[in-house]
Amino acid sequence: MGVGNVRFSVEIVPRDPLWRTCIYATLVDRLGFDAIWLSDHFFNRNVFVATAVIANWTSRCLLGPAVVNPYVIHPAIIAQSIATLEEIAPKRLIMAIGAGDETSLARLCIKRENPVDKVRESIHAIRRLLAGEELTSHDGILCFSSAKLETKKSGDVPIYVGAQGKRMLMMSASNADGVLINWTNLDRLKEAINTVKPIASSRQGFDIGAHLIISIHEDTAKARKTAIPFAAYLMAGTNNALLSEIGVSDEERNLVRSLLIRGDWDRLYSVARDEWIRVFSFYGTVAELRDFIDELLTQGFTHVVFGGPWGPRPRSALLSIAKLVDELKPNMGRD
Amino acid sequence: MGEDMLSRRKRVLLEELLEIVLASVNPSLVRDEVGWELARLIHARKLYTERGYRAVLKAARRCEPEKTEKILRRYRRVGRR
């Protein structure tokens, strides 16, 4: 489904029983998308186990655990997991790493300290471990003493960074193989790509992805309702500086966070405001989504990730998204 | 019998039930054996068979009983006309 230099992929959240994740993976693989990203949260199914399972239910899609978190999983274990997956699905692995959201980390009593340095050091450590190097380092955030993987070398697995803030975006552009920008708002995405592009322009093949939260339906109210918990989750995990830019107070964020943790959906629907829903998610019709994607391609994005919920009828929504991407092809020219 | 292809009308019903199973917020109510059988039939491209229909129906009844019965009632009503 990659057209020109653009890739189209789908993010699956493994919060469901694995049989349902496998059904979605089968569907996405057959619909011709380029990649499946599997999200990583400690409270869902384990991302590496889920990736191993869907590897056997798919045949052509690239597979990417994303966005794995170096605060929760030591980078050496991330590298070990990727190397093991590479044996199951040779040449199909990609991965994304990021500092994660504060809401999830707080539930594990983990402080999100020095996120940019932590992710940067993790990228280099994972890359070197996958390439078969032995690491010894005591002067950074990460510490290694003769650490080496006894697995097959798989140093060419592309490492992306899941990023939102300016410093993380800049670090990604100079250290990673790609970036998944975690906004679903055209102004925010434009600002982000303008940060990344000047730094990444000298790095051939650097992949600039828009990691979108999508909910489509012909009835916009239904699409909106489905988008709210997903947008709320992202909003609640975003740092205060970014939230104040979009007019979300600490009080509002804390309320949304507590409603999410309690699973009080009715209250969440009643307090949700478009001012932040539309920053963290896209909801609307397929035609509106097409305009949105057209604009992203004009801005220069080389990768579009369609993240869930996709819509109140997720299977139909995926079929519609696949059709939309097929329609975009003739307008873009192929390699 | 399990490999028999379905009528067009029953295929539409099956797709509606599948949509219910894939959209449900209660997928954990579906027994794992039933869920895996459904996944395997889809993967083997055998969904549109009597066996596939039975697997989808079983899963849908577990995770969304009311919605499933509503769809089945509509299907039967249209069939009687």
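Quick notes on this structure:
- Rounded, prolate or oblate (a/c below 1.5 giving rounded, otherwise prolate when a/b exceeds b/c) for chain B by Cα gyration tensor: oblate
- Rel. contact order, % - alpha carbon contacts under 8 angstrom, at least six apart, region B:8-80: 43 percent
- Solvent-accessible area of A:MET170 with every protein chain in place, 1.4 Å probe, in Å² to the nearest 10: 80 Å²
- Share, in percent, of DSSP beta bridges within the protein assembly as shown that are antiparallel, nearest 5: 10 percent
- Extension reserve of the A:ASN254-A:ARG60 stretch, reckoned as 0.36 nm per residue once the Cα distance is removed: 65.6 nm
- Counting only lysines at least 8 places from B:LYS58 when in the same chain, those with an alpha carbon closer than 29 Å to its own are A:LYS222, A:LYS225, B:LYS10, B:LYS46, B:LYS67, B:LYS70.
- Percent accessible area from carbon and sulfur atoms, region A:244-335, protein chains only, probe 1.4 Å: 47 percent
- Most mobile of A:ASP219, A:ASP294, A:ASP139 in a GNM of chain A (Cα contacts under 10 Å): A:ASP139
- Among the protein heavy atoms of region B:8-80, carbon and sulfur supply 48% of the accessible surface, probe 1.4 Å, non-protein parts ignored.
- About the Cα centre, charge dipole magnitude for region A:138-238 (Lys/Arg +1, Asp/Glu -1 at Cβ), debye: 100 debye
- Accessible area that becomes buried as A packs against B, both chains, 1.4 Å probe, Å², nearest 100: 1800 Å²
- Short to long, the 10 Å bins of the Cα pair-distance histogram for region A:30-188 hold 11, 40, 38, 11, 1 percent of all pairs.
- Here the relative contact order of chain A, from alpha carbon pairs under 8 Å that lie six or more residues apart, stands at 18 percent.
- Other protein chain C-beta atoms within 10 Å of residue C-beta, averaged over A:12-19: 4.
- Accessible surface comparison of A:HIS303, A:HIS217, probe 1.4 Å, protein chains only, largest first: the order is A:HIS217, A:HIS303.
- Rounded FRET efficiency, nearest 0.05, which uses the C-beta distance separating A:THR220 from A:THR298 and R0 of 41 Å: 0.95
- Ellipsoid semi-axes in whole angstrom, largest first, where each is sqrt(5λ) of the Cα gyration tensor of chain A: 29, 24, 20
- In nm, spacing of pseudo-spin labels at A:LYS166 and A:ARG15 (7 Å Cα→C-beta vector): 3.3 nm
- Rounded accessible area of A:LYS190 (nearest 10 Å², 1.4 Å probe): 100 Å²
- Neighbour-limited loop hits for GluC sites (Glu not before Pro), region A:49-122 (at most 15 other Cβ within 10 Å; DSSP other than H, G, I, E, B): A:GLU113
- Note on A:LYS329 and A:GLU245: their simple-model spin labels are 3.7 nm apart, each label 7 Å out from Cα toward Cβ.
- Residues B:LEU29 and A:THR285, FRET efficiency given R0 of 41 Å [Cβ-Cβ distance, rounded to 0.05]: 0.85
- Remark: chain A carries a charge dipole of roughly 460 debye about the Cα centre, counting +1 on each Lys and Arg Cβ and -1 on each Asp and Glu Cβ.
- Euclidean distance between Cα centres, region A:85-152 to region A:9-80, Å: 17 Å
- Dipole axis of the protein assembly as shown (+1 Lys, Arg; -1 Asp, Glu on Cβ), positive-most option in A:LEU189, A:ILE12, A:VAL304: A:ILE12
- When the trypsin sites (Lys or Arg not before Pro) in region A:200-297 are filtered for DSSP coil states and for at most 16 other beta-carbon atoms within 10 Å of their beta-carbon, the remaining sites are A:ARG203, A:ARG273.
- Checking every one of the trypsin sites (Lys or Arg not before Pro) in region A:11-62 against DSSP loop status and a limit of 12 other Cβ atoms within 10 Å picks out A:ARG60.
- Considering helices alone, the calculated mean residue ellipticity of chain A at 222 nm is -15500 deg cm²/dmol, with DSSP H runs of length four and up weighted by -39500 (n - 2.57) and normalised per residue.
- Subset of A:LYS152/A:LYS190; A:LYS190/A:LYS323; A:LYS91/A:LYS148 violating a 28 Å alpha-carbon distance limit: A:LYS152/A:LYS190
- Counting, for every residue in B:18-31, the Cβ atoms of other protein chains within 10 Å of its Cβ and taking the mean gives 4.
- Across peptide A:304-315, the average count of Cβ atoms from other chains found within 10 Å of a residue's Cβ is 2.
- Among A:VAL325, A:VAL196, A:VAL179, the residue with the largest mean-square fluctuation in a Gaussian network model of chain A, with springs joining Cα atoms closer than 10 Å, is A:VAL325.
- Modelled label positions at A:TRP265 and B:ARG45, each set 7 Å beyond Cα in the direction of Cβ, lie 3.6 nm from each other.
- In this Cβ point-charge picture (+1 for Lys and Arg, -1 for Asp and Glu), chain B has a dipole of about 560 debye about its Cα centre.
The values are calculated or read from the model by the stated rules, or taken from the named source; none is laboratory data. Since this is a predicted model, take the numbers as computed values, not measurements. A quick note on method: Cβ atoms are made from the backbone with ideal geometry, for glycine too, and the neighbour counts reach across all protein chains shown. SASA here: full protein model, heavy atoms, side chains in, ligands and nucleic acids out. Shrake-Rupley method; radii C 1.70, N 1.55, O 1.52, S 1.80 Å.
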